[in-house]
Ligand SMILES: Nc1ncnc2c1ncn2[C@@H]1O[C@H](COP(=O)(O)OP(=O)(O)OP(=O)(O)O)[C@@H](O)[C@H]1O
Ligand SMILES: [Mg+2]
């Protein structure tokens, strides 16, 4: 489904971060990317999610070259195909949990029917992640773990084929990290979502089918 | 349920209401300044329009005969043919004195009116009899007059015959009357009636028109507004009803010669009128009769004979050229025969007041008997001081006659033949030597075959009013236009409020930035969730749109309030700017909306630019590239030291070398100091610390490590505060003042000591012995005064004291020779044709027929006239022709402000009826100025003299500019106060940038209190550095003024500085309070 070929990325102050990195990801495959801080995990995820552009190399999504997409095409690609979660839940403070979850639907025009289906889907996922009773709460009224689960639901609302999770448990305690890790794994297998997970945590990484490590700007399987 | 964009925007706004409110308030202030300024401009113009309308009352059109007069009954005739209300008035200037106590006001308006004036203005039941006067409320207040009081009114003699015309009697240039006040007219009763375009309240006296001149003449016809006639149509009607008598023309039949002749009350006919009459009556023939002072043949002299120049058609016997006929009486008196050459002398008709005598040689062609048409005393014009006198020695010919020359036989001739001319010559020859500015004929004779009635009929309805000096204008429109184009207070206040606007700009940018910055992570999540750029932009801009609209709406109301305050100030403390207290604050829809729109567009554009830039940055993956500053601190220090030292040396040198320190030098010193201090500040921030410091003062080290990386964040606020303060203090201190250089010959006073204006013109040339003697100025110290005297044509004051756009300023006619000799005054602009080393010479030049050059103050050109050098002013000359005055240059601010200066010779040619000088500059020994003043005011008391020192006159004009400077200082101070509020934003921003750093400090054992203290300290240092830099350099720049002058608004300046410091501190304290511990800790947790 996703093929990353010879990806290179450098920053003016830092120098080369990714140096000819390549990666293959099949449908519903889950992988973890580890590596020391500053090794380029976030950079890789951002490139795949088209939040950033590589210096050279190709990103093919379902055999389509995506890294030359226009800004608008990239946004649409993110909206339909990609789900993001970050270390920070990045929920909007002025929207309720439910509204936050439905936010990605506002990025494009939806028919009422379609919308209703999505709302149902959101309820299902919330039920599934145990945050159903929080739907009308505001982000600052819920715990960090709950917020991160809401962020996960938000990332999945458009049934993306690829979930990019950058240190999703970074600001969670062990118990909540465990819950989120399991959810990631279960939901991925249930809905057939591929996952790229960047993390320092080996416990979390082990929940994925393959574990990589970034070394000298390249992926190395562990 | 569905999350619409509208809901998203609203929820976000509610959540960020505090931030949104901040922005809205800034936008409100911006809108208030825009709207308020526009409303002030609107209010001023509306007030001017209103008061113009009220002054004119029911008058719409104005027919003016300029400096000439007509029969007042013309109004009734005009009403009869048009059916609209009209009123003849006599408008003149004068002075008024309360009977008994000597309180007196110069330069008031006197209106001679008829019943028609009341009809026109719908005033009922009022009647002004011969002894009555009505005054307006303003005058009543000023002179403390009430009904029943008696007043003495003085004005120049109203007469068809200009008093400077040849042989006009010397006595009686001044007319005085005593009136009893019968009414005090309110504004509704046309009490403030005025034809002048000026905003200040007039002082008016209304009397019966028949009282002001011997035959009750008028010079204006007021025509009801809202009539259906155009000016041209009215003029046609006027032409159709004009009979010779209206114009002071008389037709009489001479039994003796059989001729009919036309005479004018002015004695002399203008050449244009001669031509006009000749074209109407074929065969009409001009005659000019003049007084010959002496006729001499080889030592035998005959004094004072009249000579007539006549045309061949009526007097075929009279030869051409310099051949003349003399009568037998003269021939025998001086023993002249045919073929003898006689020497004749006469006064130059244009230089009568200088008693300039001309001389010519003529050959006796023949000698005629005193019989038939050679015995024609009617050829002598009806000089009021000559005709009908018992004896020649009793003549009042307006000039000294040598009575000792008059012999018994001369008296006998006078008794028998009266003014019968003794000499006849050809008209062309006579015209050459005796025609003058006043005209070219003393009578127009018509052959006997045309009867008197035929002449009267022919002249009725056929003379063009223009040719008799009539002009018509739509005065109402003119006044409204003048108000519409008056000084633009909108632009002025927007300009004066520059600092407020600039501060709002800076604040708004800061507020928008900090708003966006605080939402960086959210905007990032929009990206990550796949919102398109356009959508994100739309969401953000929608928020800004709402904020802007709210801010602008509130701003309009604040603007209405702002206008209210400004107008109140203009009528009060800032009265110097408008010279009146009658401005009313009005709220107009158009200016309010314009203010709203301007502010809205400004703020939304600004927000749009910021949002776009921000999104672009986000797109770049938050990678900000920092430019590493690569300057050597040592170099900065050296330059800074250099600048500061140079500034100080310059200032010291200024004082050490020059007796009177130059402002330009101190300005340079101030500028250098300013640059030096800013560089010093820059150096202090970027200098490398000695390694020791870390242990000494870790607090400051924290700040320094940040600012040495971002020096602009420390230098910019200091630069802004100090530059603003510099400008505000400088304008506050540097008010315009009359100094030594303006008192010098090249300065605004031209080196003259006194400025005087009289309401009644002084006929004599005060620089001549005779003139001085005539006015009792031939003794010490008066004899040491020398004058620059000017003839004056009334017009609308074009000085900065008048807010209106003026198109016909008063003219001065000045003989430029004194100015040329003294090289007096300086010019800021000159036409390239002018010789810069002798600019006054231009006044003697005429580049074409009816074209002359004029000078005016540069300020007058720019503000009052809205003209540039090379532009042309158009006047109606007295004889109805157009006079074009090319502006040849702009004077640097001078006592002439308000006037346009022309050469006297030309002035008199086009305005011969202005008979004498009304404006005087007096020079002499400066130590005797006080004595001069006393003497002149005593000698010219009856002329309605108004004297002030040239310094006072300049100061009066400076008051306007100085008021603007005060306004600028006050608004600038307000702007600065607003600006320092920005420091609070800077603090917040710095905090946001360094949050991680602080969180780390917190983790390593710093206390929140300490972090707050660090932030606060930094900004306070910045505030103080800005204030010190600005104040120090501004004081250096203005030291010479500060030192000398006593009227420096020190209190205001100190208040402003204090207010800036206090506001800055308060804003910072508020900002620091908003930084709480949890925020810091949450920042830490995320690391
Ligand atoms: N926008 C940027 N500008 C400059 N340098 C950047 C930028 N983003 C990342 N870098 C640098 O690129 C390198 C890789 O960063 P990246 O965030 O991908 O690392 P990471 O593996 O995710 O680290 P961590 O485990 O701490 O999240 C780092 O050294 C970082 O400093
Ligand atoms: Mg990372």
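The values are calculated or read from the model by the stated rules, or taken from the named source; none is laboratory data. These numbers come from a predicted model, not from an experiment. Positions of Cβ are backbone-derived with ideal geometry, glycine not excepted, and every protein chain shown enters the neighbour counts.
Out of (1) surrounded by 18 or more Cβ atoms within 10 Å (Cβ to Cβ); (2) within 29 Å of residue A:101 (Cα to Cα); (3) within 15 Å of ligand 1 (Cβ to nearest atom), the odd one out for residue A:53 is which?
Residue A:53 satisfies all of (1) surrounded by 18 or more Cβ atoms within 10 Å (Cβ to Cβ); (2) within 29 Å of residue A:101 (Cα to Cα); (3) within 15 Å of ligand 1 (Cβ to nearest atom) except (1).
Quick one: residue A:90 ticks every box in (1) over 21 Å from residue A:216 (Cβ atoms); (2) more than 16 Å from ligand 1 (Cβ to nearest atom) except a single one, so which number is it?
(2)
Could you run through the stretch A:99-132 and say how many residues are more than 11 Å from chain B (Cβ to nearest Cβ), under 23 Å from residue A:185 (Cα atoms) and assigned to a helix (DSSP H, G or I)?
Summing the residues that are more than 11 Å from chain B (Cβ to nearest Cβ), under 23 Å from residue A:185 (Cα atoms) and assigned to a helix (DSSP H, G or I) in the stretch A:99-132 gives 10.
What tally of residues in the stretch A:68-81 results from selecting those that are in contact (Cβ under 8 Å) with a residue 60 or more places away in the chain and more than 8 Å from every other protein chain (Cβ to nearest Cβ)?
Here the count works out to 1.
Identify the single condition in (1) crowded, with 22+ Cβ neighbours inside 10 Å; (2) within 22 Å of residue B:768 (Cα to Cα) that residue B:910 does not satisfy, given that it satisfies every other one.
(2)
Hey, residue B:250 hits all of (1) out of contact with any strand residue (DSSP E or B) (no Cβ under 6 Å at 6 or more places or on another chain); (2) part of a strand (DSSP E or B); (3) free of Cβ contacts under 8 Å to residues at least 24 places away in the same chain but one; which does it fall short on?
(1)
Please find, among A:219, A:164, A:172, the residue that is within 16 Å of ligand 1 (Cβ to nearest atom), out of contact with any helix residue (DSSP H, G or I) (no Cβ under 7 Å at 6 or more places or on another chain) and either assigned to a loop (DSSP other than H, G, I, E, B) or at pLDDT 90 or above (or both).
Checking each option against the conditions leaves just A:219.
Here is a list: B:305, B:343. Which entry is under 30 Å from residue B:157 (Cα atoms), in contact (Cβ under 8 Å) with a residue 24 or more places away in the chain, part of a strand (DSSP E or B) and more than 49 Å from the chain's Cα centre (by Cα)?
Going through B:305, B:343 in turn, just one is under 30 Å from residue B:157 (Cα atoms), in contact (Cβ under 8 Å) with a residue 24 or more places away in the chain, part of a strand (DSSP E or B) and more than 49 Å from the chain's Cα centre (by Cα): B:305.
Quick check, is residue A:90 in a helix (DSSP H, G or I) and at the interface with chain B (Cβ under 7 Å from one of its Cβ atoms)?
Considered against the rule, which asks whether it is in a helix (DSSP H, G or I) and at the interface with chain B (Cβ under 7 Å from one of its Cβ atoms), residue A:90 comes out as no.
Any residue at all in the stretch B:957-977 that is closer than 22 Å to residue B:860 by Cβ and in contact with a strand residue (DSSP E or B) (Cβ under 9 Å, 6 or more places away or on another chain)?
yes
What number of residues within the stretch A:198-216 are touching a residue at least 40 places away in the same chain (Cβ under 8 Å) and either in a helix (DSSP H, G or I) or within 13 Å of ligand 1 (Cβ to nearest atom) (or both)?
Looking only at that region, the number is 11.
Residue check: is residue A:84 touching a strand residue (DSSP E or B) at 6+ places or on another chain (Cβ under 7 Å), facing chain B (nearest Cβ under 10 Å) and more than 10 Å from ligand 1 (Cβ to nearest atom)?
For residue A:84, the condition - touching a strand residue (DSSP E or B) at 6+ places or on another chain (Cβ under 7 Å), facing chain B (nearest Cβ under 10 Å) and more than 10 Å from ligand 1 (Cβ to nearest atom) - is met.
If a residue has to be closer than 20 Å to residue B:767 by Cα and within 19 Å of the chain's Cα centre (by Cα) to count, how many in the stretch B:949-971 make the cut?
Result for the stretch B:949-971: 1.
Read through the list (1) out of contact with any strand residue (DSSP E or B) (no Cβ under 9 Å at 6 or more places or on another chain); (2) surrounded by fewer than 19 Cβ atoms within 10 Å (Cβ to Cβ); (3) in a loop (DSSP other than H, G, I, E, B), then give the number of the only condition that residue B:198 fails.
(2)
Could you tell me which of the residues B:987, B:971 is buried (at least 21 other Cβ atoms within 10 Å of the Cβ) and either assigned by TED's automatic domain parsing to the domain that holds residue B:811 or within 30 Å of residue B:493 (Cβ to Cβ) (or both)?
The match here is B:971.
A quick yes/no check of all residues on (1) in a helix (DSSP H, G or I); (2) farther than 20 Å from residue B:898 by Cβ; (3) in contact (Cβ under 8 Å) with a residue 60 or more places away in the chain:
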| position | (1), (2), (3) |
| --- | --- |
| B:773 | yes, yes, no |
| B:778 | no, yes, no |
| B:788 | no, no, yes |
| B:797 | no, no, yes |
| B:800 | no, no, yes |
| B:803 | no, no, yes |
| B:809 | no, no, yes |
| B:813 | no, no, yes |
| B:818 | yes, yes, no |
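Given the options A:215, A:146, name the one that is away from chain B (no Cβ under 14 Å) and surrounded by 18 or more Cβ atoms within 10 Å (Cβ to Cβ).
Selected residue: A:146, the only one of A:215, A:146 that is away from chain B (no Cβ under 14 Å) and surrounded by 18 or more Cβ atoms within 10 Å (Cβ to Cβ).
In this structure, does residue B:175 turn out to be within 30 Å of the chain's Cα centre (by Cα), more than 18 Å from residue B:119 (Cα to Cα) and free of Cβ contacts under 8 Å to residues at least 60 places away in the same chain?
The answer is no for residue B:175.
Condition first: within 14 Å of chain B (Cβ to nearest Cβ) and crowded, with 21+ Cβ neighbours inside 10 Å. Now tell me which residues in the stretch A:168-192 satisfy that.
A:168, A:169, A:172
Could you tell me which residue of the stretch A:22-37 is surrounded by the most Cβ atoms within 10 Å (Cβ to Cβ), considering only residues that are more than 14 Å from chain B (Cβ to nearest Cβ) and within 15 Å of ligand 2 (Cβ to nearest atom)?
This residue is A:33.
From the list A:2, A:65, A:44, A:60, which one is within 15 Å of ligand 1 (Cβ to nearest atom), at pLDDT 90 or above and either more than 10 Å from every other protein chain (Cβ to nearest Cβ) or surrounded by fewer than 15 Cβ atoms within 10 Å (Cβ to Cβ) (or both)?
A:44
I'd like the full set of residues that are farther than 18 Å from residue B:276 by Cβ and in a helix (DSSP H, G or I), limited to the stretch B:444-488.
Within the stretch B:444-488, B:452, B:453, B:475, B:476, B:477, B:478, B:479, B:480, B:481, B:482, B:483, B:484 meet the criteria.
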